[in-house]
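The values are calculated or read from the model by the stated rules, or taken from the named source; none is laboratory data. Only a predicted model underlies this, so the values are computations on that prediction, with no experimental measurement involved. Cβ: placed from backbone, ideal geometry, glycine included. Neighbour counts: every protein chain shown.
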Amino acid sequence: MPPRCPSCGGALAITRLCCPACGAEVSGDFDMCPVCRLESGHRKMLELFLHARGNLREVQRALGVSYPTARQRVEELFRGLGGETAAADPLAVLRRLRAGEIGVDAAEKLLKGDS
């Protein structure tokens, strides 16, 4: 099920459910679960995360990316589910900056708590 309207990009609403076994229909205004609202990339990331049983090293290997990149993608997934962003560890941000993984502007945003 697409999470967004293919025409305008707006959020879709579920207004009707039907039983394929007996044909009964229920109409109303139903909320989608948070996972159903995820874009396909985040859904795939969730599947990978669950398959790895939450082991970020496994996620890192499966994606072929650095550990900080895998962690960032899990953070993006978490935000997509409506979770709050974890506070950035200043030393980790400085290490990423020193390693050239992020630039000064990105480091500043992370330290300020901006996404």
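Observations on the structure shown:
- First in region 6-20 and within 11 Å of residue 31 (Cβ to Cβ), second anywhere and of a type in the set (Asp, Glu) and assigned to a loop (DSSP other than H, G, I, E, B), Cβ under 8 Å, 6 or more apart: 14/31
- Between 69, 15, 85, the distinction of being loosely packed, with under 11 Cβ neighbours inside 10 Å and either modelled with pLDDT under 90 or in contact with an Asp or Glu (Cβ under 9 Å, 6 or more places away or on another chain) (or both) belongs to 15 only.
- Selected residue (criterion: surrounded by the most Cβ atoms within 10 Å (Cβ to Cβ)) from residues of region 36-48 that are in contact (Cβ under 8 Å) with a residue 12 or more places away in the chain and over 15 Å from residue 4 (Cβ atoms): 45
- Pair list, Cβ under 9 Å, 6 or more apart: region 98-109 residue free of Cβ contacts under 8 Å to residues at least 12 places away in the same chain, other residue loosely packed, with under 13 Cβ neighbours inside 10 Å: 108/114; 109/115
- Residue within region 65-88 that is touching a Pro at 6+ places or on another chain (Cβ under 6 Å) and closer than 26 Å to residue 4 by Cα present: yes
- Scanning region 1-19 for residues that are hydrophobic (A, V, I, L, M, F, W, C), in contact with a Cys (Cβ under 8 Å, 6 or more places away or on another chain) and in a loop (DSSP other than H, G, I, E, B) turns up 1, 12.
- So residue 51, is it modelled with pLDDT of 85 or more and within 19 Å of residue 2 (Cα to Cα): no
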